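Colleague: Quick one: the structure is below, questions incoming.
The values are calculated or read from the model by the stated rules, or taken from the named source; none is laboratory data. These figures come from a predicted structure and were not determined experimentally. When we count neighbours, we look across all protein chains shown, and the Cβ atoms used for this are built from the backbone with ideal geometry, even at glycine. We work out accessible area using only protein heavy atoms, side chains counted, and drop any ligands, DNA or RNA first. Shrake-Rupley method; radii C 1.70, N 1.55, O 1.52, S 1.80 Å.
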Protein chains: 2
Amino acid sequence: MKKSLSVIAMLAAVVTGVVSLEGRAEAQELSNFNFSGARKIVSPEINSDKTTFRLQANYATIVNLVGAWMDNPWGPGVPMTKGNDGVWELTIDTPSPEIYFYSFIVDGVVMGDPLNVMVQRDGTRYLSMLIVPGERTENYYEAKRHGTVSYRWYNSPILGIDRRLTVYTPYGYEDSANRNRKYPVLYLLHGAGGDEEAWTSMGRAAQILDNLIEKGQAVPMIVVMPNGNPGQMAAKTLGLPESELDWRVLENRTRYVSSLCEEIVPFIEKNYRVAAKPSSRAIAGLSMGGGHTIAASLMYPEMFDYICPLSAAGEATPEQVAALKKAGVKLYFLACGTTDFLYDTSVKLDAVLTEQGLDHVFYKSDGGHVWSNWRLYLNTFAPMLFK
Amino acid sequence: MKKSLSVIAMLAAVVTGVVSLEGRAEAQELSNFNFSGARKIVSPEINSDKTTFRLQANYATIVNLVGAWMDNPWGPGVPMTKGNDGVWELTIDTPSPEIYFYSFIVDGVVMGDPLNVMVQRDGTRYLSMLIVPGERTENYYEAKRHGTVSYRWYNSPILGIDRRLTVYTPYGYEDSANRNRKYPVLYLLHGAGGDEEAWTSMGRAAQILDNLIEKGQAVPMIVVMPNGNPGQMAAKTLGLPESELDWRVLENRTRYVSSLCEEIVPFIEKNYRVAAKPSSRAIAGLSMGGGHTIAASLMYPEMFDYICPLSAAGEATPEQVAALKKAGVKLYFLACGTTDFLYDTSVKLDAVLTEQGLDHVFYKSDGGHVWSNWRLYLNTFAPMLFK
């Protein structure tokens, strides 16, 4: 064993800068090392009540910071100040505990923070991530014990394509000690700008479930996160061709909901150790996915005992609600931000549910059509499921 | 069902621009839509022999393009030209078929291409991705049938932490028709700058295996991609604390290799339907992972029948090779680029293997210590495994 030390030592010499590789193609696998010995710049840096952002930009004329804690998180943002070393800096009051996306605007061009490896993908945009610790975000950090997150493919004859979905199985699911145990399933749907990775990236769904289960606040459950855009095989990051099935056309939405209930649910119930009964099935979704949630509950009233439309784009008639009530519902959790542009829609749905005497929760939060709300909602309703 | 159309129509009105949401926090889930109706800019755009890159940057002074097809892929790059509409553009001769990373440099600051959703993560860097089609890249695109990619956690008493690894199970593995079938396993290790996502992101391992298996060129196999940095629980993107176990210290490397062979291999053999015998185990790794591959083959000569060090940082003594030969090897596939800074190390290893009469392949390619080579090597040796 001793002899192979010499090569390790040689590689160590390379990565510690004795041999300079900077600027060479060779550097590809060595990108995590600081060759130059220059001052190590940190961004973002949270010091309890103050947070500092930094960007090395020697030749830029104007650098602004924009972030989700601002009234307008997309711009124009707040100017940063250039130091003598070419490092632009801005210190702000640390915003209240939450996950915020932010960007720099360098001479008018929006970019991520190159010093921050924590990134969320919101549709086609990559956004740098700032987590401010606190009670609100406690369950958004990694738990001690982790479930498994899998990207699986299934065939959809209804949509005519193979499609990808994300499956979270809780800690212990794969243990041989649990091999006879069956689990309930939450079908968790994204909005029109998202895909099958939205809830694990922007939504922190795996972290939230890991934490809730670890604390004994939620029942161990499987979470299935499909792709709700009927023309997509998978997230755009895979570069696959897409069909013309626009989600805004009712017929396509109906086809997608049929695929969800007639293809995805059976696929999961065949491939996982799940209890295949309404009391072990929940459905929740945001925005377009809230519309899918409502539509699924009305088209298949016997299928789900737990129904959670979040900032939902969808309605129900009194007759439909009456039929749903008859089929039986254990939890109807309706949630919306009071400044959401779909708030009135939720108020209307609440009125119909009340009028028809269908027991439900109308959970109102501050804010609008944003992920900070959807994370909060998941963290709030997941403990109510399957109990 | 009819009534809920109205809300869909309303949301449709929003996203098609009748109601402008641009610049409002509400826009978060609607980020994929082009509200402004402005000219749709495309980047990158491959037109057979020419490829064009574009960036909207009205106020920038200098914008350069840098890419992996250049002699120096990290800078300073080639100047782009500003059009009257503020869109900077550069058309180049399409480079030969390969996956290239590239960036823009806007007034001295390196950034990704905001119009390109295809991104690879190389350690702590996010890089825009250009795939040029051709024979070389055929297996880097999505196949028709897909295996499953899972992120799982296991406990490592040797390293004292829970750790994450990536597991690829081939198409059909989960089918009930295959429930009695056992699969061989390839343990595929990354380099010092990588983590458990390096081979699926930079390395296109899932696509390569999907394609090779679909074409009948490779045997259906499980691929296990652990995290080879002994102090890391998981990729830095998860923000977890790291211990001080520097991989450059031989003792830590030895501990990691022990963990691999005494913890990960048993974990996989307990949790997956695998044939637990040397002829169904392969090990391959690049750079530091090549060192791990060599060390594992020497510390546990009975464990793997297939051994593939790639651009490897590792050596073996004549006595060690003699012991390995005695234990039996079905394939020893040594690969290195002829301009790799570790090429001489591979030449030395080749000489020892030859001297000891251990049958092996020494696969030499053009180029250096780069992912284009490691993808090529995987695509080349995977068909030779388990046959």
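Colleague: Residues in the stretch B:242-257 that are touching a residue at least 60 places away in the same chain (Cβ under 8 Å) and either farther than 14 Å from B:Asn227 by Cβ or buried (at least 16 other Cβ atoms within 10 Å of the Cβ) (or both): how many?
Modeller: Matching residues across the stretch B:242-257 total 3.
Colleague: Further, regarding this structure: Would you mention how many residues in the stretch A:140-164 are touching a Phe, Trp or Tyr at 6+ places or on another chain (Cβ under 7 Å) and among the acidic types (Asp, Glu)?
Modeller: 1
Colleague: I've got another one for you. Taking A:Pro383, is it open to solvent by 20 Å² or more (accessible area, probe 1.4 Å) and over 19 Å from the mean Cα position of the chain (by Cα)? Don't jump to the end; show me each part of the working.
Modeller: Values: open to solvent by 20 Å² or more (accessible area, probe 1.4 Å): yes; over 19 Å from the mean Cα position of the chain (by Cα): no.
Against the criterion (open to solvent by 20 Å² or more (accessible area, probe 1.4 Å) and over 19 Å from the mean Cα position of the chain (by Cα)), A:Pro383 does not qualify.
Colleague: Against the conditions (1) modelled with pLDDT of 95 or more; (2) within 12 Å of chain A (Cβ to nearest Cβ), where does B:Gly83 fall short? Just the number, please.
Modeller: With respect to (1) modelled with pLDDT of 95 or more; (2) within 12 Å of chain A (Cβ to nearest Cβ), B:Gly83 is out only on (2).
Colleague: Taking the stated definitions as given, is B:Gly328 free of Cβ contacts under 8 Å to residues at least 60 places away in the same chain and closer than 18 Å to B:Gly193 by Cβ? Spell out how you get there, then give the answer.
Modeller: Values: free of Cβ contacts under 8 Å to residues at least 60 places away in the same chain: yes; closer than 18 Å to B:Gly193 by Cβ: no.
No; evaluated as a whole, the condition is false for this residue.
Colleague: While we're on this one: Can you find a residue that is in contact with a Gly (Cβ under 7 Å, 6 or more places away or on another chain) and in a helix (DSSP H, G or I) anywhere in the stretch A:358-370?
Modeller: Taking every residue of the stretch A:358-370 in turn, none turns out to be in contact with a Gly (Cβ under 7 Å, 6 or more places away or on another chain) and in a helix (DSSP H, G or I).
Colleague: Oh, and also: Select from the stretch B:338-380 the residues that are aromatic (Phe, Trp, Tyr), open to solvent by 40 Å² or more (accessible area, probe 1.4 Å) and within 9 Å of chain A (Cβ to nearest Cβ) and list them in ascending order.
Modeller: The answer is B:Phe341, and nothing else.
Colleague: Next question. Filter the stretch A:235-245 down to residues that are out of contact with any helix residue (DSSP H, G or I) (no Cβ under 6 Å at 6 or more places or on another chain) and more than 9 Å from every other protein chain (Cβ to nearest Cβ), then give me how many there are. Give the derivation first.
Modeller: Residues of the stretch A:235-245 out of contact with any helix residue (DSSP H, G or I) (no Cβ under 6 Å at 6 or more places or on another chain): A:235-244.
Narrowing further to those that are more than 9 Å from every other protein chain (Cβ to nearest Cβ): A:241-244.
Number of matching residues: 4.
Colleague: What's the number of the condition B:Glu262 fails, among (1) part of a helix (DSSP H, G or I); (2) touching a residue at least 40 places away in the same chain (Cβ under 8 Å); (3) crowded, with 21+ Cβ neighbours inside 10 Å?
Modeller: (3)
Colleague: Separate question: Name the single residue, out of those in the stretch B:34-57 being at pLDDT 95 or above and polar (S, T, N, Q), that is surrounded by the fewest Cβ atoms within 10 Å (Cβ to Cβ).
Modeller: To start, the set of residues in the stretch B:34-57 that are at pLDDT 95 or above comprises B:42-46, B:49-57.
Cutting the leftovers down to polar (S, T, N, Q) gives us B:43, B:51-52, B:56.
Numbers: B:Ser43: 22, B:Thr51: 22, B:Thr52: 15, B:Gln56: 19.
Within the stretch B:34-57, the match that is surrounded by the fewest Cβ atoms within 10 Å (Cβ to Cβ) is B:Thr52.
Colleague: Is at least one residue of the stretch A:271-292 of a type in the set (Gly, Ala, Ser), more than 30 Å from A:Arg179 (Cβ to Cβ) and open to solvent by 40 Å² or more (accessible area, probe 1.4 Å)?
Modeller: Of all residues in the stretch A:271-292, those of a type in the set (Gly, Ala, Ser) come to A:275-276, A:279-280, A:282, A:284-285, A:287, A:289-291.
Filter once more, so that each one left must be more than 30 Å from A:Arg179 (Cβ to Cβ): A:285, A:287, A:289-291.
Pick out the ones that are also open to solvent by 40 Å² or more (accessible area, probe 1.4 Å) and you get none.
Checked the stretch A:271-292: no residue is of a type in the set (Gly, Ala, Ser), more than 30 Å from A:Arg179 (Cβ to Cβ) and open to solvent by 40 Å² or more (accessible area, probe 1.4 Å).
Colleague: Read through the list (1) within 20 Å of the chain's Cα centre (by Cα); (2) buried (at least 18 other Cβ atoms within 10 Å of the Cβ), then give the number of the only condition that B:Ile161 fails.
Modeller: Evaluating B:Ile161 over (1) within 20 Å of the chain's Cα centre (by Cα); (2) buried (at least 18 other Cβ atoms within 10 Å of the Cβ) leaves (1) as the failure.
Colleague: Still on this structure, I have one more. Considering every residue within the stretch A:146-154, establish whether at least one is more than 7 Å from chain B (Cβ to nearest Cβ), in contact with a Leu (Cβ under 9 Å, 6 or more places away or on another chain) and among the hydrophobic types (A, V, I, L, M, F, W, C).
Modeller: no
Colleague: Quick check on my filter: what residues within the stretch B:200-229 are open to solvent by 10 Å² or more (accessible area, probe 1.4 Å) and among the polar types (S, T, N, Q)?
Modeller: B:Thr200, B:Ser201, B:Gln207, B:Asn211, B:Gln217, B:Asn229
Colleague: Which one is nearest to the other protein chains (Cβ to nearest Cβ) among residues in the stretch B:165-195 that are farther than 19 Å from B:Val274 by Cβ and crowded, with 24+ Cβ neighbours inside 10 Å? Even if it seems obvious, please write down each step before you answer.
Modeller: The initial filter retains those residues of the stretch B:165-195 that are farther than 19 Å from B:Val274 by Cβ, namely B:190-195.
With crowded, with 24+ Cβ neighbours inside 10 Å added as a condition, the list becomes B:190-192, B:194-195.
Working: B:His190: 8, B:Gly191: 4, B:Ala192: 7, B:Gly194: 7, B:Asp195: 9 Å.
Looking at residues that are farther than 19 Å from B:Val274 by Cβ and crowded, with 24+ Cβ neighbours inside 10 Å, I get B:Gly191.
Colleague: Answer with yes or no whether A:Ala68 is within 17 Å of B:Val106 (Cα to Cα) and either of a type in the set (Gly, Ala, Ser) or out of contact with any Ser or Thr (no Cβ under 9 Å at 6 or more places or on another chain) (or both).
Modeller: Details: within 17 Å of B:Val106 (Cα to Cα): no; either of a type in the set (Gly, Ala, Ser) or out of contact with any Ser or Thr (no Cβ under 9 Å at 6 or more places or on another chain) (or both): yes.
Taking the combined requirement at face value, the residue does not satisfy it.
Colleague: If you go through the stretch A:311-333, how many residues are within 14 Å of chain B (Cβ to nearest Cβ) and open to solvent by less than 10 Å² (accessible area, probe 1.4 Å)?
Modeller: The number of residues fulfilling the criteria is 6.
Colleague: Given the conditions (1) without any contact (Cβ under 8 Å) to a residue 12 or more places away in the chain; (2) of a type in the set (Gly, Ala, Ser); (3) at positive phi, which single one is not true for A:Gly134?
Modeller: (1)
Colleague: In the stretch A:300-308, is there at least one residue being under 21 Å from the mean Cα position of the chain (by Cα), of a type outside the set (Gly, Ala, Ser) and open to solvent by 20 Å² or more (accessible area, probe 1.4 Å)?
Modeller: no
Colleague: Of everything in the stretch B:279-289, what is part of a helix (DSSP H, G or I) and either closer than 17 Å to B:Thr317 by Cβ or within 9 Å of chain A (Cβ to nearest Cβ) (or both)? Give them in sequence order. So that I can check it myself, show each step before the final result.
Modeller: Taking the stretch B:279-289 as the starting set, the residues that turn out to be part of a helix (DSSP H, G or I) are B:279-280, B:288-289.
Selection gives B:Met288 alone.
Yes or no, residue by residue, for (1) under 20 Å from B:Ala198 (Cβ atoms); (2) among the charged types (D, E, K, R); (3) at pLDDT below 95:
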position	(1), (2), (3)
B:Pro79	no, no, no
B:Asp93	no, yes, no
B:Phe101	yes, no, no
B:Phe104	no, no, no
B:Ile131	yes, no, no
B:Glu135	no, yes, no
B:Tyr154	yes, no, no
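Colleague: Of the numbered conditions (1) in contact with a strand residue (DSSP E or B) (Cβ under 6 Å, 6 or more places away or on another chain); (2) open to solvent by less than 30 Å² (accessible area, probe 1.4 Å), B:Met233 satisfies every one except a single condition; which is it?
Modeller: (2)
Colleague: One residue is enough: does the stretch B:348-357 have a residue meeting the conditions assigned to a strand (DSSP E or B) and farther than 25 Å from B:Lys277 by Cα? Steps first, answer last, please.
Modeller: Taking the stretch B:348-357 first, the residues assigned to a strand (DSSP E or B) are none.
No - not one qualifying residue is present in the stretch B:348-357.
Colleague: Let me ask something else. Just to be sure, is B:Pro73 at pLDDT below 95, assigned to a loop (DSSP other than H, G, I, E, B) and within 14 Å of chain A (Cβ to nearest Cβ)?
Modeller: Working: at pLDDT below 95: yes; assigned to a loop (DSSP other than H, G, I, E, B): yes; within 14 Å of chain A (Cβ to nearest Cβ): yes.
Judged against the criteria, B:Pro73 is a match.
Colleague: Determine the pairs where a residue that is at positive phi, located within the stretch B:204-223, has a partner that is part of a loop (DSSP other than H, G, I, E, B) and at pLDDT 95 or above with Cβ atoms under 9 Å apart, the partner being 6 or more residues away or on another chain.
Modeller: Within 9 Å, the pairs are B:Arg204/B:Tyr141.
Colleague: Consider only pairs whose beta carbons are under 6 Å apart and that are at least six residues apart or on different chains; among these, list those whose first residue lies in the stretch B:44-72 and is touching a residue at least 60 places away in the same chain (Cβ under 8 Å) and whose second residue is open to solvent by 50 Å² or more (accessible area, probe 1.4 Å) and assigned to a strand (DSSP E or B).
Modeller: Partner pairs satisfying both residue conditions: B:Arg54/B:Glu89.
Colleague: Does A:Ile294 qualify as being among the β-branched types (Val, Ile, Thr) and touching a Ser or Thr at 6+ places or on another chain (Cβ under 7 Å)?
Modeller: Numbers: among the β-branched types (Val, Ile, Thr): yes; touching a Ser or Thr at 6+ places or on another chain (Cβ under 7 Å): yes.
Spelling it out, A:Ile294 is indeed among the β-branched types (Val, Ile, Thr) and touching a Ser or Thr at 6+ places or on another chain (Cβ under 7 Å).
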